[in-house]
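Participant: Just passing along the structure, written as structure tokens.
The values are calculated or read from the model by the stated rules, or taken from the named source; none is laboratory data. Keep in mind that this is a model prediction, so the values were computed, not measured. Positions of Cβ are backbone-derived with ideal geometry, glycine not excepted, and every protein chain shown enters the neighbour counts.
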Amino acid sequence: MRATGSMYRTAVIAALLVATSGGLAADRNTPSDAELIASAMRAAPATVGKGATIIAMNADGTLRTLRQGTNGYTCMPDNPATPGPDSMCMDKNALAWAQAYMAHKPPPTGKMGVMYMLEGGTDASNTDPYAPKPLPNNHWIKTGPHFMIVGADPAFYDMYPKSPNPDTSMPYVMWAGTPYEHLMAPVK
């Protein structure tokens, strides 16, 4: 079964909740640490990626830190099991928002955060935060390079389109009407 972007994000964030250090089984298909770091850094603007903590997921779902950062951002490399690039980078508040999402708990209030996916994202449902695959009613969308604003005041999101089938070339709200609504802003 092919992992969807939503499934990868779910696995990544779940692993963040139970992060432990561990060894990565070495084989010829496992990218080197340098390759993983380079992939993770492509998720964000160069100045952000340069100072970010870089983590990677082991085969068993645990995480290991490849490089300790200095700027409060955490970046992860692309998951080769998904059909497109999906490296990501998030600040401390976005990480707390993502942890709440994974735990099916309300996100923290008053803590707006930023996530970057400048290589794009693997497709996901625009209406169902937990959709594992495309269905006729869950409005699967394709996302290119973008950044996300999470945890903002609900009035902030009211300024942007909340269509189930948005024009992804313009900013729009994903997962509107759920506790996890967030702004998707494309980057060219």
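Participant: With respect to residue 130, determine if the residue is assigned to a loop (DSSP other than H, G, I, E, B), without any contact (Cβ under 8 Å) to a residue 40 or more places away in the chain and either under 14 Å from residue 181 (Cα atoms) or touching a Phe, Trp or Tyr at 6+ places or on another chain (Cβ under 9 Å) (or both).
Facilitator: Considered against the rule, which asks whether it is assigned to a loop (DSSP other than H, G, I, E, B), without any contact (Cβ under 8 Å) to a residue 40 or more places away in the chain and either under 14 Å from residue 181 (Cα atoms) or touching a Phe, Trp or Tyr at 6+ places or on another chain (Cβ under 9 Å) (or both), residue 130 comes out as no.
Participant: To continue, here is another question. Checking the structure you have, find out if any residue of segment 66-77 is modelled with pLDDT under 80, over 25 Å from residue 112 (Cα atoms) and not β-branched (Val, Ile, Thr).
Facilitator: The answer is no; no qualifying residue exists.
Residue-wise test of (1) modelled with pLDDT under 95; (2) over 15 Å from the mean Cα position of the chain (by Cα); (3) surrounded by 20 or more Cβ atoms within 10 Å (Cβ to Cβ).
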{"site": "151", "(1), (2), (3)": "no, no, yes"}
{"site": "154", "(1), (2), (3)": "yes, yes, no"}
{"site": "160", "(1), (2), (3)": "no, yes, no"}
{"site": "164", "(1), (2), (3)": "yes, yes, no"}
{"site": "168", "(1), (2), (3)": "yes, yes, no"}
{"site": "171", "(1), (2), (3)": "no, yes, no"}
{"site": "177", "(1), (2), (3)": "yes, yes, no"}
{"site": "182", "(1), (2), (3)": "no, no, yes"}
{"site": "188", "(1), (2), (3)": "yes, yes, no"}
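Participant: Of the conditions (1) farther than 29 Å from residue 41 by Cβ; (2) in contact with a strand residue (DSSP E or B) (Cβ under 9 Å, 6 or more places away or on another chain), residue 176 fails just one. Which one is it?
Facilitator: In the conditions (1) farther than 29 Å from residue 41 by Cβ; (2) in contact with a strand residue (DSSP E or B) (Cβ under 9 Å, 6 or more places away or on another chain), residue 176 misses (2) alone.
Participant: Could you grab the pairs with beta carbons closer than 9 Å, sequence gap of 6+ or different chains, first residue in segment 133-145 and touching a residue at least 40 places away in the same chain (Cβ under 8 Å), second one of a type in the set (Val, Ile, Thr) and exposed (fewer than 13 other Cβ atoms within 10 Å of the Cβ)?
Facilitator: 144/187; 145/187
Participant: Just give me the residues in segment 57-100 being basic (Lys, Arg) and in contact with a helix residue (DSSP H, G or I) (Cβ under 8 Å, 6 or more places away or on another chain), in sequence order.
Facilitator: 67
Participant: Taking the criterion of being modelled with pLDDT of 90 or more, under 11 Å from the mean Cα position of the chain (by Cα) and among the hydroxyl-bearing types (Ser, Thr, Tyr), would at least one residue in segment 117-128 satisfy it?
Facilitator: no
Participant: A follow-up question, please. Can you work out which of the residues in segment 69-98 that are of a type in the set (S, T, N, Q) and not in a loop (DSSP other than H, G, I, E, B) is surrounded by the most Cβ atoms within 10 Å (Cβ to Cβ)?
Facilitator: For segment 69-98, the residue satisfying everything is 74.
Participant: Another question about this same structure. Scan segment 1-58 for residues that are at pLDDT below 70, over 26 Å from residue 140 (Cβ atoms) and touching a strand residue (DSSP E or B) at 6+ places or on another chain (Cβ under 9 Å) and report the count.
Facilitator: 7
Participant: Look through segment 99-116, keep the residues that are of a type in the set (Ser, Thr, Tyr) and outside any loop (DSSP other than H, G, I, E, B), and return whichever of them is surrounded by the most Cβ atoms within 10 Å (Cβ to Cβ).
Facilitator: So the residue we want is 116.
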